[in-house]
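Trainee: Before we start, here is the structure in question, set down as structure tokens.
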Amino acid sequence: MGYAYDDQNIFAKILRGEIPNDTVLETGHALAFRDLYPQAPVHVLVIPKGPYVCYDHFAQTASEAEIVDYTRAIGKVCEMEDVAAGGFRMIANAGEAGVQEVPHLHVHILAGRPLGRMLQQA
């Protein structure tokens, strides 16, 4: 499946410096920042700097350097936010059925309270 990247999405604008963010970590290939509407005491978004729509797009087409840096950035954010001891959830939505709201790969790291079940039966 081909992915058409929309360079006008909010995360692309953040990466270009057009919209401010509360940066937690920036690396060569990733940016982590606090969610504007946190759903838990810790709610950090981690995005790659490249134009990737969703995780499978990234996994299939990103360079090894991008994949390693992004993955390690997620690990570093978890360490910086000290989420491992109490537990955390990491979510990456994809597409309409996955309720992806911004068409730029992003991982939510949520922690700091019990998060309940991941999905409820419909």
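The values are calculated or read from the model by the stated rules, or taken from the named source; none is laboratory data. Computed from a predicted structure; not experimentally measured. For neighbour counting, all protein chains shown are included, and Cβ atoms are generated from backbone atoms with ideal geometry for every residue, glycine included.
Trainee: If Ala94 passes every condition in (1) farther than 19 Å from Gly2 by Cα; (2) under 13 Å from the mean Cα position of the chain (by Cα); (3) among the small types (Gly, Ala, Ser) but one, which one does it miss?
Mentor: Just one mismatch for Ala94, condition (1).
Trainee: Could you list, in sequence order, the residues of the range 92-108 that are surrounded by fewer than 15 Cβ atoms within 10 Å (Cβ to Cβ) and within 16 Å of Pro38 (Cβ to Cβ)?
Mentor: Step one: list which residues in the range 92-108 are surrounded by fewer than 15 Cβ atoms within 10 Å (Cβ to Cβ), which gives 95-99, 101.
Answer for the range 92-108, where residues must be surrounded by fewer than 15 Cβ atoms within 10 Å (Cβ to Cβ) and within 16 Å of Pro38 (Cβ to Cβ): just Glu101.
Trainee: Taking strands (runs of 3 or more DSSP E) that fall entirely within the range 15-73, which contain at least 3 residues that are in contact (Cβ under 8 Å) with a residue 12 or more places away in the chain and surrounded by 13 or more Cβ atoms within 10 Å (Cβ to Cβ)? Quick ask: steps written out before the conclusion?
Mentor: Numbers: elements: 23-26, 30-34, 42-48.
Passing ranges, in order: 30-34, 42-48.
Trainee: How many residues are in a loop (DSSP other than H, G, I, E, B) and modelled with pLDDT of 95 or more if we restrict to the range 75-86?
Mentor: If we filter the range 75-86 for residues that are in a loop (DSSP other than H, G, I, E, B), which is where we start, we get 81-86.
Next, only the ones that are modelled with pLDDT of 95 or more stay: 81-83.
Of the residues in that region, 3 qualify.
Trainee: Which count do you get for residues in the range 1-34 that are among the acidic types (Asp, Glu) and under 15 Å from Leu105 (Cβ atoms)?
Mentor: At the first step, the residues of the range 1-34 found to be among the acidic types (Asp, Glu) are 6-7, 18, 22, 26.
Narrowing further to those that are under 15 Å from Leu105 (Cβ atoms): 6-7.
Of the residues in the range 1-34, 2 are among the acidic types (Asp, Glu) and under 15 Å from Leu105 (Cβ atoms).
Trainee: Which pairs turn up if I take residues in the range 96-122 that are over 17 Å from Phe58 (Cβ atoms) and look for partners that are among the charged types (D, E, K, R) and assigned to a strand (DSSP E or B) with beta carbon separation below 6 Å, at least 6 apart in sequence or on another chain?
Mentor: Going by the 6 Å Cβ cut-off, the qualifying pairs are Leu110/Arg89; Leu115/Arg89.
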